[in-house]
Amino acid sequence: MAKNVTDRYLLLSIYNTYYDSFCSFREGKKDRKHVNYVPIDCKLIGKKTGLHKDLVFGRLYYHLNRVHGYKKEDGSLVPFFYPKLGEDKHVINFPLLASILADMNSNYYKFVIPLALSMTALVISAMSIFI
């Protein structure tokens, strides 16, 4: 069966891969034109996550862009992901990505820590029955 990863894992892979690129932005440098939008390689992210490159693109463009893009008070749209922005291809709003990932991590740990504590309590209770 083909592997399907969570949005959190996909975004974490993008964040870890392109964090240094985001931080190294300099005006006039040729790697990208925009401060907040970082071009990504869907094929590379696909290799790292075990997904096909078109699935990476599709999830970013069709799902995550709709969920996490937003409209400012003046009515202008702030997309999470652009298929093409000027000369840059497959660009992601990196500060927005970092915020979304921080929120996902917070929610993840709110679930995992109580679950782990509950499982530990269950194991201790089961062991106490046999002692």
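The values are calculated or read from the model by the stated rules, or taken from the named source; none is laboratory data. This is a predicted model, so every value here is computed, not measured. Virtual Cβ from ideal backbone geometry, glycine too; neighbours counted across all protein chains shown.
Among the residues of segment 84-104, count how many are of a type in the set (S, T, N, Q) and either closer than 23 Å to Asp54 by Cα or surrounded by 14 or more Cβ atoms within 10 Å (Cβ to Cβ) (or both).
Looking only at that region, the number is 1.
I'd like the residue in segment 1-22 that is of a type in the set (S, T, N, Q), loosely packed, with under 15 Cβ neighbours inside 10 Å and more than 18 Å from Asp88 (Cα to Cα) and, out of all such residues, is modelled with the lowest pLDDT.
Residue satisfying both the conditions and the ranking: Asn4.
Only one residue in Phe25, Phe57 is surrounded by 14 or more Cβ atoms within 10 Å (Cβ to Cβ), part of a helix (DSSP H, G or I) and on the phi < 0 side of the Ramachandran plot, so which one is that?
Phe57
Could we say that Leu51 is more than 17 Å from Leu85 (Cα to Cα), out of contact with any Phe, Trp or Tyr (no Cβ under 7 Å at 6 or more places or on another chain), of a type in the set (A, V, I, L, M) and assigned to a helix (DSSP H, G or I) here?
No; evaluated as a whole, the condition is false for this residue.
Test of understanding: among Asp88, Asp74, Asp103, which residue is among the acidic types (Asp, Glu) and under 18 Å from Ser13 (Cα atoms)?
After ruling out the rest, the residue left standing is Asp103.
Does segment 46-59 include one or more residues that are under 14 Å from Val91 (Cα atoms), touching a residue at least 60 places away in the same chain (Cβ under 8 Å) and not charged (D, E, K, R)?
Scanning segment 46-59, I find no residue that is under 14 Å from Val91 (Cα atoms), touching a residue at least 60 places away in the same chain (Cβ under 8 Å) and not charged (D, E, K, R), so the answer is no.
Scan segment 84-131 for residues that are outside any helix (DSSP H, G or I) and either under 16 Å from the mean Cα position of the chain (by Cα) or among the charged types (D, E, K, R) (or both) and jot them down.
Lys84, Glu87, Asp88, Lys89, His90, Val91, Ile92, Asn93
Of all residues being under 15 Å from the mean Cα position of the chain (by Cα) and in a strand (DSSP E or B) in segment 65-83, which is surrounded by the most Cβ atoms within 10 Å (Cβ to Cβ)? Just the residue, please.
Top of the filtered list is Phe81.
With respect to Tyr62, is the statement that it is more than 17 Å from Tyr18 (Cβ to Cβ), of a type in the set (Phe, Trp, Tyr) and either free of Cβ contacts under 8 Å to residues at least 24 places away in the same chain or assigned to a strand (DSSP E or B) (or both) true?
yes
Pull out all pairs, ordered by first then second residue, where Cβ-Cβ is under 9 Å, the residues are six or more apart or on different chains, the first lies in segment 90-109 and is more than 19 Å from Ser21 (Cα to Cα), and the second is in a helix (DSSP H, G or I).
The qualifying pairs are Met104/Asp7; Met104/Arg8; Met104/Leu11; Met104/Leu12; Asn105/Arg8; Asn105/Leu12; Asn107/Arg8; Tyr108/Arg8.
What single numbered condition from (1) part of a helix (DSSP H, G or I); (2) over 11 Å from the mean Cα position of the chain (by Cα) fails to hold for Leu11?
Unmet for Leu11, out of (1) part of a helix (DSSP H, G or I); (2) over 11 Å from the mean Cα position of the chain (by Cα): (2).
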